[in-house]
């Protein structure tokens, strides 16, 4: 029996084939920070020619993993949504490690392990540590594959400036558990994780490293995490 709902009989093979190509996965991982990037930058990330990149990007858009949009005369690409980012993060968590071939690559990986954006929420050592602290303070608690925001947590985050109420009316998961590929534990994702991360950037507790989705905790952030959440020694 056929169905109009594509999720009733998912074609995993098709998606696995799309993701399995080394050039395409390199471009997808480059977009995990949540930004839109032009084809030329994605071609450089995958170390392929612009013509080859164009062919790969067309397949990724047709496969529903990317969306494209024009800014002026230039075409940009981004992940099709948080579910794509969630799947990529989960795949990285179960994938075997590749050998590190240079000091530059080692430094880049250390920065990503420490703190990074996973689509639009905080991941890495800091993301997991903050999630653990929120649970320790009983601001959130685990429930199945999600987190539940307690009343105390709601009041705390609203006072902190997080748009809690504005995140509940969407189709997106409200407070999802996302398996962190570097820590092998969960960090807070979903619309609540995105809203909290957005607030941390607004307060300049966090800032992106140049040309990377790796994140640095600022001096203001170090003090803030300690004072607001009791999160110490995060540098």
Next item on the list: Return yes when residue 115 is touching a residue at least 60 places away in the same chain (Cβ under 8 Å) and touching a helix residue (DSSP H, G or I) at 6+ places or on another chain (Cβ under 7 Å) and no when it is not.
Entry: yes
Next item on the list: Output the residues belonging to region 77-122 that are more than 19 Å from residue 174 (Cβ to Cβ) and in a loop (DSSP other than H, G, I, E, B).
Entry: 80, 95, 96, 97, 98, 99, 100, 101, 102, 115
Check: Within region 211-223, restricting attention to residues that are out of contact with any strand residue (DSSP E or B) (no Cβ under 9 Å at 6 or more places or on another chain) and surrounded by 11 or more Cβ atoms within 10 Å (Cβ to Cβ), which residue is farthest from residue 32 (Cα to Cα)?
Finding: 223
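The numbers here are math on the coordinates, done by the rules we state, and not lab data. It should be emphasised that the depicted structure is a prediction, and the values quoted were computed from it without experimental measurement. With ideal geometry, Cβ positions are generated from the backbone for all residues, glycine too; neighbour counts draw on all protein chains shown.
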